[in-house]
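> Dropping a structure here in structure tokens format, bear with me for questions.
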Amino acid sequence: MAPYWLFQLQLFPWLPFLVFQAKKVRQTSPKLPSQSSLLTLGHGEKHVILLGESTAAGVGASAAAYTLAGNFSRILEESYQIETIGKKGLRVKEAISLYQLHKKSRTNKTEGVILFLGANDCFLLTSPQDFKRELESLIQQIKVATDVNWIYLAAIPPVHLFSAFSERMRYFLHLQREYLQR
């Protein structure tokens, strides 16, 4: 893969058009509510936290039962407590403050944390170096704060497949996503 600065050089002449298009898409797209921004399901002894952006917040789900938390709770049944801390528009660099502000667990031990992050960092063109540094810092801070057994990072959602975007925007988002997932 080419150096990130070459991607930036290729992107630069298109930025005014892409920014205009992004604003137009935001204005014309429906504003979907979050179903599970701060949600705790189940009463099991094992505790799992879902931390992330719109996906974790349940944006687009018709009810809490159909969110990630709802699905995890249904699959894992009553042996787990699933806690969601999600926010539309969340970036990696903002995740630790959101986590510290809202973590509600009354349990002594969190089994694990699943991170759903990266889409907004794609949209806002976070550099791969910053993304990696902020992600490593987030993971380290969560380890210290919770003494978790494991932390999983979900793949960045395929933002380049959003049908509301032009072919050119999907092209650049696809590249940005690839850079962030390296």
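> If you average 1/r across every pair of different Cα atoms in the chain and take the reciprocal, what Kirkwood value do you get, in Å? Show your work: numbers first, answer last.
Working: mean 1/r = 0.0576 Å⁻¹.
For the chain, inverting the mean 1/r across all distinct Cα pairs yields 17.4 Å.
> Work out from phi, with θ = phi - 60° and the Karplus expression 6.51 cos²θ - 1.76 cosθ + 1.60, the ³J(HN,Hα) of each residue of the stretch 71-81, listed in order in whole Hz, and give x for Gly and Pro.
So the J values, rounded to whole Hz, are 5, 4, 4, 5, 5, 8, 6, 7, 7, 10, 10.
> Follow-up. Using Cβ contacts closer than 10 Å as the measure, can you line up LEU125, LEU135, LEU90 from fewest to most?
LEU125, LEU135, LEU90
> Considering only DSSP states other than H, G, I, E and B, which trypsin sites (Lys or Arg not before Pro) in the stretch 25-102 qualify as loop sites with at most 11 other Cβ atoms within 10 Å? The partial results should precede the final answer.
Values: sites: ARG26, LYS31, LYS46, ARG74, LYS87, LYS88, ARG91, LYS93; in loops: LYS31, LYS87, LYS88, ARG91.
Here the sparse-neighbourhood loop sites are LYS31.
> Follow-up question, since we're still on this one. Taking 28 Å as the cut-off for C-alpha to C-alpha distance, list the pairs among LYS23/LYS88; LYS87/LYS109; LYS31/LYS132; LYS23/LYS87 that go past it.
On the way: LYS23/LYS88 16 Å; LYS87/LYS109 24 Å; LYS31/LYS132 30 Å; LYS23/LYS87 20 Å.
Over 28 Å Cα-Cα: LYS31/LYS132.
> How do ARG177, ARG168 line up, fewest other C-beta atoms within 10 Å first?
Details: ARG177 20, ARG168 12.
The fewest-first ordering by Cβ neighbours comes to ARG168, ARG177.
> Of all GluC sites (Glu not before Pro) in the stretch 1-99, which ones are in loop regions per DSSP and have a Cβ with at most 16 other Cβ atoms within 10 Å?
Details: sites: GLU45, GLU53, GLU77, GLU78, GLU83, GLU94; in loops: GLU45, GLU53.
Sites meeting the loop and neighbour criteria: GLU45.
> Follow-up. ³J(HN,Hα) across the stretch 27-38 via Karplus (A = 6.51, B = -1.76, C = 1.60, θ = phi - 60°), whole Hz, x for Gly/Pro?
5, 9, 7, x, 8, 8, x, 7, 9, 8, 3, 10
> I've got another one for you. What is the set of long-range amide H partners of ILE151 at a cut-off below 5 Å, with H atoms built 1.01 Å from backbone N?
Close amide H contacts, sequence-distant or interchain: VAL113.
> Under the rule of -39500 (n - 2.57) per DSSP H run of 4 or more residues, summed and divided by the residues of the chain, what mean residue ellipticity at 222 nm is obtained, to the nearest 500 deg cm²/dmol? Walk me through the numbers on the way to the answer.
Values: 8 runs with 84 residues, N = 182.
Calculated mean residue ellipticity at 222 nm is -14000 deg cm²/dmol.
> Let me ask another. Report relative contact order for the chain in percent, whole number only (criteria: Cα-Cα under 8 Å, sequence separation at least 6). Don't jump to the answer; show the numbers that get you there.
Details: 302 pairs, mean separation 39.6, N = 182.
Relative contact order comes out at 22 percent.
> I want the local charge near VAL148. Using Cβ-Cβ distances under 14 Å, sum +1 for each Lys or Arg and -1 for each Asp or Glu among the other residues. Write out the running numbers ahead of the final one.
Working: positive: LYS46, LYS103, LYS109, LYS143; negative: GLU83, GLU111, ASP147.
Taking every Cβ under 14 Å from that of VAL148, the sum is +1.
> To continue, here is another question. Rounded to whole Hz and in sequence order, give me ³J(HN,Hα) for the stretch 42-57 from the Karplus expression 6.51 cos²θ - 1.76 cosθ + 1.60, θ = phi - 60°, writing x for Gly and Pro.
Per residue, the Karplus-derived 3J(HN,Hα) values read x, 10, x, 6, 7, 10, 10, 10, 9, 10, x, 8, 3, 4, 5, 6 Hz.
> On to the next question. Under a 5 Å amide H to amide H cut-off, with H placed in plane at 1.01 Å, what residues pair with GLY118 once short-range neighbours are removed?
VAL92
> Which of SER97, SER166, SER36 has the fewest other C-beta atoms within 10 Å, and how do the rest follow up to the most?
Working: SER97 10, SER166 13, SER36 26.
Going from least to most buried by this count: SER97, SER166, SER36.
> Hey, another quick one. Taking the Cα centre as origin and putting +1 on Lys and Arg beta-carbons and -1 on Asp and Glu beta-carbons, what dipole magnitude results for the stretch 15-110, to the nearest 20 debye? It would help to have the intermediate numbers written out before the result.
On the way: 14 positive and 6 negative charges, 99 e Å.
Here the size comes out at about 480 debye.
> Place a +1 charge on the Cβ of each Lys and Arg in the chain and a -1 charge on the Cβ of each Asp and Glu, then give the dipole magnitude about the Cα centre in debye, rounded to the nearest 20. Don't skip to the end; give the middle numbers.
Values: 21 positive and 14 negative charges, 106 e Å.
Using only the charged Cβ atoms, the result is roughly 500 debye.
> Could you work out how far apart the two model spin labels at LYS109 and TYR171 are, taking each label as a point 7 Å from the Cα in the direction of the beta carbon, and quote it in nm?
Label-label distance for LYS109 and TYR171, simple model: 5.3 nm.
No lab work stands behind these numbers, since they all come straight from the coordinates. The model shown is predicted, which means the values in this text are computed figures rather than measured ones. Cβ coordinates were reconstructed from backbone atoms using ideal geometry, including for glycine residues, and neighbour counts include every protein chain displayed.
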